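Asker: First the structure, then my questions, so here it is.
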Amino acid sequence: MDWNDSEEQVIFRAQVREVIETKLPERYRRSSGAEEGAGSWQSDRISKDPEARKAATDWANALAERGWIAPHWPKEYGGAGLTPMEQFVFKQEMAQAQAPGVGGMGVSLLGPTLIVHGTEAQRAEHLPRILSGEVAWAEGYSEPGAGSDLASLQTRAIKDGDDYVINGQKIWTSGAHTADWLFALVRTDPEAPKHRGISFLMMDIHTPGLNVRPLINMAWEHGFNETFFEDVRVPAKNLVGDENRGWYVGASLLDFERSNIAGAIENRRILTDLIAYATSEDGRGQSRLSQSDSLRHEVAEAYVQTEVLFNFSFRIISMQNRGLIPNYEASTSKLFNSELVQRSARLGTKVFGLYGNLWDRHDPRAPMGAQFTRRYVTSIPSTIAAGSSEIQRNIIATRGLGLPRG
């Protein structure tokens, strides 16, 4: 691997930085004093606040000018057709600036899946509306009895003429309350082996019989939902891939989700901010760093781990750049990143001691807007979402190390 930018990558990195510096709305800039977690493009696009909607529109337009809403999509489908290394540079700079992506799961997950598995009619209908920001998507995978063992899902879809009729329930449906459409795995053949009787369907989230209910997390935030299906009729033309082969469509989608080339930058930025504040005039009175050699060692070790994660991610991109398809390598990166997120959050609360008990981000006594306190609880699902750590270890063991299945 070559860790240095080529001449072309130096030029491209400068272009990305220029767009961020000149086009990124103030709402999304770290220097604006925005609250931690504020500035979600998907929620801003439908916000009742006209300034939030304008910020979402302006940023989408700025990226669309260069095809950067979907930098990894081929040009013929409206993307930028960037090489894997250009994508890596783009994600680095976006993560460093905390600039929000545009298009959400439609761009990152469904779009690539339709490009690979969809029909020309499906691509023509859905890809342009993803790129324009007209339609946002949510993912319907997990169920109350099918999380890590996703192939045990029981939400049923029965073919009835030109429709499928769906009944069942999904849970942890991220962003469904701000989405327009949903893609879901459903069981179409209950007699088949569990991996072989599943199909991949797309549906308008406002279809009669489809009900989205909020799930509030431990930080009193609404990001997740549970989704109920009662005789929901979905046109058969919305089937992606072959009937009963949806597991393999969904599995390829998760490979896009697990690559995570921006995780190292985000973790490094969090720790850099922690060090800067804890050693500042304002932060020294709240920080325990100057009193504890062991804490300073933990901070240094966590920073080193961000570099390890960077190299996991760089390995994935280097493979893709050579035309290879990462598999267990992506699971390695996902596993390391999700556990590092949790360790960093715990570390931040330890650095601030009793001040780490303050939850109110507006409390002047709360260090760094209580962001580590809130991360401490919101990071708990990171080792479960997108495939639990146990599942990732199984993938690494069987596909990476060649160990027998237990």
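The values are calculated or read from the model by the stated rules, or taken from the named source; none is laboratory data. What you are looking at is a predicted structure, and each value in this text was computed from that prediction instead of being measured. For neighbour counting, all protein chains shown are included, and Cβ atoms are generated from backbone atoms with ideal geometry for every residue, glycine included.
Asker: Starting from the range 298-309, take each residue that is closer than 13 Å to ILE275 by Cα and list its partners that are assigned to a helix (DSSP H, G or I) and among the polar types (S, T, N, Q), counting only C-beta distances under 7 angstrom and pairs at least six apart or across chains.
Answerer: ALA302/SER344
Asker: Over 27 Å from SER40 (Cα atoms) and in contact with a Leu (Cβ under 7 Å, 6 or more places away or on another chain): does that describe ALA278?
Answerer: When the stated conditions are applied, ALA278 passes them.
Asker: Need pairs with beta-carbon distance below 6 Å; first residue farther than 27 Å from PRO144 by Cα and within the range 384-406, second part of a helix (DSSP H, G or I) and of a type outside the set (S, T, N, Q); sequence gap 6+ or separate chains.
Answerer: As it stands, the answer is ARG399/TYR328; GLY400/TYR328; LEU403/ALA397, since those pairs meet every condition given.
Asker: Related question: Do we find that SER252 is among the small types (Gly, Ala, Ser), at pLDDT 90 or above and under 30 Å from LEU150 (Cα atoms) in this structure?
Answerer: Criteria not met by SER252.
Asker: Here's another thing I want to ask about it. Residues in the range 322-342: is at least one among the aromatic types (Phe, Trp, Tyr) and farther than 24 Å from VAL116 by Cα?
Answerer: yes
Asker: Related question: Quick check on this structure: which one of SER294, SER287, SER331, SER344 is under 18 Å from the mean Cα position of the chain (by Cα) and either farther than 27 Å from LEU403 by Cβ or among the hydroxyl-bearing types (Ser, Thr, Tyr) (or both)?
Answerer: Testing whether each residue is under 18 Å from the mean Cα position of the chain (by Cα) and either farther than 27 Å from LEU403 by Cβ or among the hydroxyl-bearing types (Ser, Thr, Tyr) (or both) leaves just SER331.
Asker: I would also like to ask the following. Look through ILE391, ILE317, ILE384, ILE325 and report the one residue that is out of contact with any helix residue (DSSP H, G or I) (no Cβ under 7 Å at 6 or more places or on another chain), modelled with pLDDT under 90 and more than 30 Å from TRP220 (Cα to Cα).
Answerer: ILE325
Asker: Which ranges mark the helices (runs of 4 or more DSSP H) fully within the range 36-111 that have 1 or more residues being farther than 30 Å from ALA370 by Cβ? Before the answer, list the steps.
Answerer: On the way: elements: 41-44, 50-64, 84-97.
Because the criterion is at least 1 residues that are farther than 30 Å from ALA370 by Cβ, the helices (runs of 4 or more DSSP H) in the range 36-111 that meet it are 50-64, 84-97.
Asker: Restricting the search to the range 349-406, which residues are aliphatic (A, V, I, L, M) and either more than 22 Å from GLU298 (Cα to Cα) or part of a loop (DSSP other than H, G, I, E, B) (or both)?
Answerer: LEU358, ALA366, ILE384, ALA385, ALA386, ILE391, ILE395, ILE396, ALA397, LEU401, LEU403
Asker: I've got another one for you. Out of curiosity, is VAL165 touching a strand residue (DSSP E or B) at 6+ places or on another chain (Cβ under 6 Å) and either part of a loop (DSSP other than H, G, I, E, B) or under 20 Å from GLY241 (Cα atoms) (or both)? Can you show your working first?
Answerer: Working: touching a strand residue (DSSP E or B) at 6+ places or on another chain (Cβ under 6 Å): yes; either part of a loop (DSSP other than H, G, I, E, B) or under 20 Å from GLY241 (Cα atoms) (or both): yes.
Judged against the criteria, VAL165 is a match.
Asker: In the set VAL186, VAL232, which member is β-branched (Val, Ile, Thr), part of a strand (DSSP E or B) and under 30 Å from ILE380 (Cβ atoms)?
Answerer: VAL186
Asker: Just to check your reading of the model, which residue among GLU329, GLU307, GLU301 is surrounded by fewer than 18 Cβ atoms within 10 Å (Cβ to Cβ), within 21 Å of ILE396 (Cα to Cα) and not small (Gly, Ala, Ser)?
Answerer: The match here is GLU307.
Asker: Pull up the range 156-213, narrow it to residues that are aromatic (Phe, Trp, Tyr) and over 24 Å from GLU134 (Cβ atoms), then point me to the one that is surrounded by the most Cβ atoms within 10 Å (Cβ to Cβ).
Answerer: TYR164
Asker: Something else now. Report whether or not THR155 is in contact (Cβ under 8 Å) with a residue 24 or more places away in the chain, farther than 22 Å from GLU243 by Cα, in the same structural domain as ASP204 (by TED's automatic domain parsing) and in contact with a Gly (Cβ under 7 Å, 6 or more places away or on another chain).
Answerer: no
Asker: Taking the options LEU185, LEU210, name whichever one is in contact with a helix residue (DSSP H, G or I) (Cβ under 6 Å, 6 or more places away or on another chain) and of a type in the set (A, V, I, L, M). Break it down into steps so the answer makes sense when it comes.
Answerer: Values: LEU210 fails: in contact with a helix residue (DSSP H, G or I) (Cβ under 6 Å, 6 or more places away or on another chain).
That would be LEU185, the only listed residue that is in contact with a helix residue (DSSP H, G or I) (Cβ under 6 Å, 6 or more places away or on another chain) and of a type in the set (A, V, I, L, M).
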